[in-house]
Amino acid sequence: MKKSKFFTALILFSLVGQIAWVVENMYFNVFIYKMFNASAADISLMVEASAVAATLTTIFIGALSDRLGKRKIFMCLGYILWGVSILAFAFIRLDLISPFAASAAGAASIAITAVIILDCVMTFFGSSANDAAYNAWLTDMTDSGSRGRAEGINSMMPLVAILVVFGGFMGFDLDKAESWTAIYVIIGAAVIVIGALGFLIVEEPASVKRDELGLFAVAFYGFRPSVIRERKELYFTLAGFIIFGISIQVFMPYLIIYYEKTLGMSDYVLIMAPAIICAAAVTFFYGRAIDRMGPERALLPPLAMLAAGYVLLFTFPGLFKTEGFAMKLPVFIGSLLMMSGYLTGMAVFGTKIRNETPEAMAGRFQGLRIIAQVLIPGVVGPAIGAAVLKNAPTVTNGDGTTSFLPSNAIFMAALIVLAVLGAAYLIYRIARKKHEKA
């Protein structure tokens, strides 16, 4: 496969897939918060249910792609069905639900339940196409000498996607149901188009062959004790990835609400956009550094950037009651450091996991990756965030209902979790050096 064709497929499938995930991970929370007055517990439940759906899907669809020796059909058809499921959210509106409910609160409750259920359906198609098939394809199409560069591009896409979504959403009033309808139609159509285009630009990896093992044997291959003993480096990496992901998920579901509602930054998009552009550039170039340094040595700078970002976001204006430019500048710098650390850290972990994955077995190991990246962080992180925000202040809405206001404590909680990873990383490095000397 030509490099230009490979990178075109990588960029398109990664970017559009991440745009869809951004809408789910960052804006479904805003959607049910603004449209249906969802609580922190509702948001936590939605994130947790989606994480479980993503994990089960990736385990079995990843294994099925290994079993059949196919990646392309799962990627392309999966993206098309993913787009259709996103379009379906356009029909979750109070004006359509209210006739079937006894009260406004009842209609909102039905809507929140519908969003959570449909989110799981959407996650099934998205995880089949992206988490299982696309990520296995990317592993198959790269090697240890090129994965840092490819992973740098792949890992910067969440930030580029955030920039695209932020910029695109600027023209919509997110307090109006019709704006959300338009958003779901646009995003859903884009995902469908990329899935159809994939039939023309995606090639099957030459190394992938049909596997004669049964589906369940393939699906649970990575859970065998013998495999764990043989590939300790892979499982150490996955353990670190879990802690990293928990730290991110402590604050991420509440981030936009914190900027807009707690800090009163109605122009948060204008603040975030330059930070996102800079962080994306950092991630792109750092991918090349990962190939030169090796992922083990490359992890410390992302952890340091992430920690520094947490400290600034916790301190301003939480401890120092700043306003105006004196508030926005530290928030900008903190956001830049946080996002740079997050994405470069993702690139490091992604590269290391792909390097430790056995050749032609990428599909069956995607379930383990999603457990480390999505399931455990998606369950534990938001639960920690919800616990921290249990007694958060509230505001009264125009209809008499109340909504919570996230506090800066979510960043301190995230920092504490990150400190656990930092300590584990230092212990690992010391043990590794002693082993090498011995």
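The values are calculated or read from the model by the stated rules, or taken from the named source; none is laboratory data. Here the structure is a predicted model, which means the values were calculated and not measured. All Cβ positions, even for glycine, are placed from backbone atoms using ideal geometry, and neighbour counts span all protein chains on display.
Numbers below:
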quantity	calculated
Out of Met75, Met35, sole residue that is modelled with pLDDT of 95 or more and not polar (S, T, N, Q)	Met75
Any chance Ser144 is modelled with pLDDT under 85 and either out of contact with any helix residue (DSSP H, G or I) (no Cβ under 7 Å at 6 or more places or on another chain) or surrounded by fewer than 23 Cβ atoms within 10 Å (Cβ to Cβ) (or both)	yes
Answer from Val379, Val348 - the residue that is assigned to a helix (DSSP H, G or I) and in contact with a Pro (Cβ under 6 Å, 6 or more places away or on another chain)	Val348
Test: Arg67 is within 21 Å of Phe365 (Cα to Cα) and among the basic types (Lys, Arg)	yes
Count - residues of the range 388-409 that are among the hydrophobic types (A, V, I, L, M, F, W, C) and more than 17 Å from Ala38 (Cβ to Cβ)	2
Close pairs (8 angstrom Cβ cut-off, 6 or more residues apart or separate chains): assigned to a loop (DSSP other than H, G, I, E, B) in the range 241-270, surrounded by fewer than 24 Cβ atoms within 10 Å (Cβ to Cβ) and among the aliphatic types (A, V, I, L, M) anywhere	Leu263/Met327; Leu263/Val331; Met265/Ile271; Met265/Val331
Pair list, Cβ under 7 Å, 6 or more apart: the range 286-306 residue exposed (fewer than 15 other Cβ atoms within 10 Å of the Cβ), other residue assigned to a helix (DSSP H, G or I) and not hydrophobic (A, V, I, L, M, F, W, C)	Arg288/Gly148; Arg288/Arg149; Arg288/Gly152
Residue in the range 160-181 that is nearest to the chain's Cα centre (by Cα), counting only those that are loosely packed, with under 15 Cβ neighbours inside 10 Å and touching a residue at least 40 places away in the same chain (Cβ under 8 Å)	Gly167
Condition broken by Ala38, with the remaining ones in (1) free of Cβ contacts under 8 Å to residues at least 40 places away in the same chain; (2) outside any helix (DSSP H, G or I) satisfied	(1)
Residues (surrounded by fewer than 18 Cβ atoms within 10 Å (Cβ to Cβ) and either part of a helix (DSSP H, G or I) or not β-branched (Val, Ile, Thr) (or both)) located in the range 382-402	Ala387, Lys390, Asn391, Ala392, Pro393, Asn397, Gly398, Asp399, Gly400
Of all residues making up the range 40-90, the number that are under 23 Å from Phe172 (Cα atoms) and surrounded by fewer than 24 Cβ atoms within 10 Å (Cβ to Cβ)	5
Test for Ile97: is it crowded, with 17+ Cβ neighbours inside 10 Å and without any contact (Cβ under 8 Å) to a residue 40 or more places away in the chain	yes
Among (1) closer than 21 Å to Glu24 by Cα; (2) modelled with pLDDT of 85 or more - the single one Phe285 does not satisfy	(1)
So Ala129, is it within 21 Å of Ile371 (Cα to Cα), touching a Lys or Arg at 6+ places or on another chain (Cβ under 9 Å), in contact (Cβ under 8 Å) with a residue 12 or more places away in the chain and crowded, with 20+ Cβ neighbours inside 10 Å	no
Unmet criterion (only one of (1) of a type outside the set (Asp, Glu); (2) over 30 Å from Phe216 (Cβ atoms); (3) in a helix (DSSP H, G or I)) for Ser65	(2)
Enumeration of residues in the range 372-397 that are within 16 Å of the chain's Cα centre (by Cα) and polar (S, T, N, Q)	Gln373
